[in-house]
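Before any comments, here is the structure.
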Amino acid sequence: MPSPAQTLGANVGLALTISTSSIDLSREKNGSNLNLMHVVVTGGAGFIGSNFVHRTLETRPQARVTVLDSFSYAANPASLAGLPEDRVRVVRGSVADLELVRRVLGDAEDPVDVVVHFAAESHNDNSLRDPLSFVRSNVEGTVVLAMVAAELGIRLHHISTDEVFGDLELDDPAKFRPDTNYAPSSPYSASKAASDHFIRAFVRSHGLRATISNCSNNYGPRQHPEKFIPRQIIGLIEGRLPRVYGTSENVRDWIHVDDHNDAVWRIIERGEIGETYLIGADGERTNTEVVREILRAFGRGPEEFVRVTDRPGHDRRYAIDASSTLGLGWRPQHQDFREGLAETIQWYRDNPSWWRESAALAEARYREVEEELPQEGH
C-alpha cells in the first residue's frame, strides 16, 4: 500500500517534497495584511479547488501552491496537468490524517502563509446513501485542519456552501445573509454546517485566525460530470436528453467559478478574522431556465428534456445577499450567464478525455439512484 503522502509523478508532472524538519511555532502574521507566498489548497484537484490553483498562479506570479487532495472519485489529476513544477507540488492524502496535515502545514523549509480549505464531499445524492463518508471528510477533516492551523498560527480560510441555510420559498424575496439561521436539509449540508461551527469554535477557543465563506452554485470548466450543468452538457454532446428532478422549478443562484475564487482571495486579503462572508452574483435561475439555455446553445428545442422523480429533501430556492463580500471591494466579472455558459460548453467540447470516464461512472450511479426513488403512482 502506498503511503498517504506520495508524488503523483507522471500523472501531473509535479514534485512532492514534504519537510519533516521541526515546526516553527513562533511565526505570527497580521490577519488582514498577509504577505502571501506559500498557499496550501486542500481539495485542489477538485472543481473549485483546481480552478483556484490555476487562478492563483495566473494572478499572483510570486505565489507557490501545495495541493493536498485525497484524489477521491471527484478529483481529477488532469486538472493540474501542465502547471509549473517550480511553483506547485501535490500531496496525495486526506485532510483527516492528522500527522500528514502537520507535516504539510509545518514545512519549515517553505513556511505556509495561508490554507484555503476546499476539500469536501459535496454531492447531495451521495450524502443520502453514505452520510458517514461526509462526516469523515467534511467534519473530521475540517477539525484536523483547524487544530493544526491553530497550533502553528497559520491563517485559514474555510470554503462552505449556502446550503447550510436550508432553502427559501420560491416566492420569497428574502436572501441568505451571514446572520441567517442554519437549517440544513441533507447530510451534505448538515456536515458543512457542522464544519462551519467548528471553525467558529476554534476561532473563539484556540485563537484560530480564520474566515468562512458560503457561496452559491458554481459553474465553469473542470466541474465533475455528476453536477447539474456539466451533466446536461455532456449528455447532449453524447446524444442524450437532459434529465431534471421533479418540476425543475427549483431556483439556484449561479456564479462563475473564477468570480468565486477572486472573492475568496479578496476575503483572505481584506476580510476580518472570525467573520463569515457570503459570495453570490445575483444569478438566480430555475433549473428549467438553465436547461433551456443549454438546449438553446446546442440548437435544440426548449422542451427537449426528461423529468425524473424528485429526490428527497430537494431544496426549493437558494439566493445570496453578497453585500458582506461586495463591501471588501470585490465585484463579479462574469455577469453574462449565457456567455459564461457558452464558454463552459466549449471547454467540455474541447476536453472529452478529461470527462469521458468519470461521466460514464456518474451516469451509472444516477441510474441506480433513479431506480431507488419511489415512482409516481406507487
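The values are calculated or read from the model by the stated rules, or taken from the named source; none is laboratory data. Please read all numbers here as calculations on a predicted model, not as lab measurements. Note that we place each Cβ from the backbone using ideal geometry, even for glycine, and neighbour counts take in every protein chain shown.
Tell me, which strands (runs of 3 or more DSSP E) lie completely within the stretch 270-377 with 2 or more residues that are more than 30 Å from Ala81 (Cα to Cα), touching a Lys or Arg at 6+ places or on another chain (Cβ under 7 Å) and among the hydroxyl-bearing types (Ser, Thr, Tyr)? Because the criterion is at least 2 residues that are more than 30 Å from Ala81 (Cα to Cα), touching a Lys or Arg at 6+ places or on another chain (Cβ under 7 Å) and among the hydroxyl-bearing types (Ser, Thr, Tyr), no strands (runs of 3 or more DSSP E) in the stretch 270-377 meet it. Among the candidates Leu128, Leu132, Leu100, the residue that is assigned to a helix (DSSP H, G or I) and touching a Pro at 6+ places or on another chain (Cβ under 6 Å) is uniquely Leu100. Is the stretch 268-278 home to any residue that is more than 24 Å from Gly166 (Cβ to Cβ), crowded, with 20+ Cβ neighbours inside 10 Å, at pLDDT 95 or above and not basic (Lys, Arg)? Within the stretch 268-278 (the criterion being more than 24 Å from Gly166 (Cβ to Cβ), crowded, with 20+ Cβ neighbours inside 10 Å, at pLDDT 95 or above and not basic (Lys, Arg)), the answer is yes, since at least one residue qualifies. Per the conditions (1) touching an Asp or Glu at 6+ places or on another chain (Cβ under 9 Å); (2) at positive phi, the sole criterion not satisfied by Gly274 is (1). Residues that are surrounded by fewer than 20 Cβ atoms within 10 Å (Cβ to Cβ), within 16 Å of Ser324 (Cβ to Cβ) and charged (D, E, K, R) within the stretch 145-195 comprise Arg177, Asp179, listed in sequence order.
Within the option set Asp282, Asp262, Asp258, being on the phi > 0 side of the Ramachandran plot and either of a type in the set (S, T, N, Q) or at pLDDT 95 or above (or both) holds for one residue only, Asp282. The set of residues in the stretch 135-158 that are within 19 Å of the chain's Cα centre (by Cα) and part of a helix (DSSP H, G or I) comprises Val135, Arg136, Ser137, Asn138, Val139, Glu140, Gly141, Thr142, Val143, Val144, Leu145, Ala146.
Conditions tested, residue by residue: (1) within 23 Å of His54 (Cβ to Cβ); (2) within 14 Å of the chain's Cα centre (by Cα).
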position	(1), (2)
Tyr219	yes, yes
Gly239	no, no
Pro242	no, no
Asp253	no, no
Arg266	yes, no
Thr286	no, no
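Report, by residue number, each residue of the stretch 280-334 that is crowded, with 18+ Cβ neighbours inside 10 Å and without any contact (Cβ under 8 Å) to a residue 24 or more places away in the chain. Passing the criteria: only Arg292.
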